[in-house]
Amino acid sequence: MLPPIASNFVAGEDAATAIDHIRDCNADGVAGILNLLGEHYETRADADADTRAYVDLIHDIDEAGVDACVSVKPSQIGLDVGEEAFRENLATIVDAGQQRDCFVWIDMEDHTTTDVTLDAFEHHARETDGDVGVCVQANLKRTREDLQRLAELPGKVRLVKGAYDEPKEIAHKGGEAVDAAYRDCIEFAFREFDDGVAVGSHDPAMLEYAAEMHDEYGTPYEVQMLMGVRESAQRDLAGDVPVYQYVPYGNKWFSYFYRRIRERKSNALFALRAIVGR
C-alpha cells in the first residue's frame, strides 16, 4: 500500500484503482489525465512494457466509459534508449488512442528533450488532425518562439511554468521572471491558437489571468491541475471551465517523488503545502 503522503498524489498502484479515482472525479465534474509512473528507462524491454501498459490503459478507459485521457513521458517509452524506440512506441500509443477515441498528451521533460518532443508532436498532430497534445514550459527562454511554431499546428498545448531546474543560460530564474514569462505565453496562446489552450497551473493569479484572456479573445481553454493539489478549487472551477486532474498511478511512486525533489528542492515545499491545504 502507498504511504499516506504518496497517496495524496498517486491514485494507486494499478490501472483499475486509478480508473476508480477518475470515476469519482467525474462525479464532481472533473475529467482525468492518467499517467503511468515511470521514466528514464535505459532498456527497450522496459520502454516496450510500459507502451503495452498504455495501450491496455486506453482500452480500459474506453471500456469503463470514464472521461479521461492519457499522458506519456518520452523517456518512459524509449527516448533514453534512442529516438527510434521513442517514435515507434509513441506511434503505437497514439494509434491505440485513435482506435478508442482517447486523447494522448506528450509530457515535456528537461530541456535536452524539447526538440525531439516537439518534432514528435508535430508529426502526430498532423497525422491525427489534432488528437494529441504537448506540454511546454514557460521558464525556458525558447518557449515563446516554440509557441509560434505550435500555433500553426492542430492539437492542444499545455502551458506550465516548469518544474525542472534548468541552467540559467537558457531559463528564466526567480518567481517574478517565471510569472512574467508565463503570462506572456498565456496571452500569446489565447491570441494566436485556434484549437484551445490548456492552462496547467495551481496559481490563482494565473488562472484569473487566463480567464481574462478568454474573455478578451474568446479562445476555448481548459484548466489542468495535479491530483492532491487544490482539489476543492478544481471542483469549483469545473462549473465554469473544463477541468482535468492529472492523475499518476503505478508502483514506481517512490522514484517519482525522489526524482521530483532532487530536480528542484522547492518541489518538496510545494508538496507539503498541498498536503496541509495552504
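Taking I186 as the residue in question, decide whether it is β-branched (V, I, T), at pLDDT 95 or above and open to solvent by 40 Å² or more (accessible area, probe 1.4 Å). No, not satisfied. Only a single criterion out of (1) under 16 Å from A18 (Cβ atoms); (2) crowded, with 21+ Cβ neighbours inside 10 Å is not satisfied by Y221, namely (1).
Only one residue in Y217, Y182, Y164 is touching an Asp or Glu at 6+ places or on another chain (Cβ under 6 Å) and not small (G, A, S). Which one? Talk me through it step by step, then tell me what you get.
Numbers: Y217 fails: touching an Asp or Glu at 6+ places or on another chain (Cβ under 6 Å); Y182 fails: touching an Asp or Glu at 6+ places or on another chain (Cβ under 6 Å).
Step by step, each of Y217, Y182, Y164 is checked, and only Y164 is touching an Asp or Glu at 6+ places or on another chain (Cβ under 6 Å) and not small (G, A, S).
For the stretch 189-217, filtering for residues that are open to solvent by less than 30 Å² (accessible area, probe 1.4 Å) and either over 18 Å from the mean Cα position of the chain (by Cα) or among the hydrophobic types (A, V, I, L, M, F, W, C) (or both) leaves 10.
Whenever a residue of the stretch 121-135 is under 12 Å from S71 (Cβ atoms), its partners that are hydroxyl-bearing (S, T, Y), lying with C-beta atoms within less than 7 angstrom and at least six residues away or across chains, give the pairs V134/T117.
Considering every residue within the stretch 144-163, establish whether at least one is within 30 Å of G12 (Cα to Cα), surrounded by fewer than 19 Cβ atoms within 10 Å (Cβ to Cβ) and either of a type in the set (S, T, N, Q) or at pLDDT below 95 (or both). Looking through the stretch 144-163, at least one residue is within 30 Å of G12 (Cα to Cα), surrounded by fewer than 19 Cβ atoms within 10 Å (Cβ to Cβ) and either of a type in the set (S, T, N, Q) or at pLDDT below 95 (or both).
Would you confirm, using the coordinates I've provided, whether A47 is over 28 Å from V116 (Cα atoms), out of contact with any Cys (no Cβ under 9 Å at 6 or more places or on another chain) and open to solvent by less than 40 Å² (accessible area, probe 1.4 Å)?
Spelling it out, it is not the case that A47 is over 28 Å from V116 (Cα atoms), out of contact with any Cys (no Cβ under 9 Å at 6 or more places or on another chain) and open to solvent by less than 40 Å² (accessible area, probe 1.4 Å).
Between E212, E222, the distinction of being within 30 Å of A53 (Cβ to Cβ) and either at pLDDT 95 or above or of a type in the set (S, T, N, Q) (or both) belongs to E222 only.
The values are calculated or read from the model by the stated rules, or taken from the named source; none is laboratory data. Since this is a predicted model, take the numbers as computed values, not measurements. So basically every Cβ, Gly included, is an ideal-geometry build from the backbone, and we count neighbours across all protein chains shown. SASA here: full protein model, heavy atoms, side chains in, ligands and nucleic acids out. Shrake-Rupley method; radii C 1.70, N 1.55, O 1.52, S 1.80 Å.
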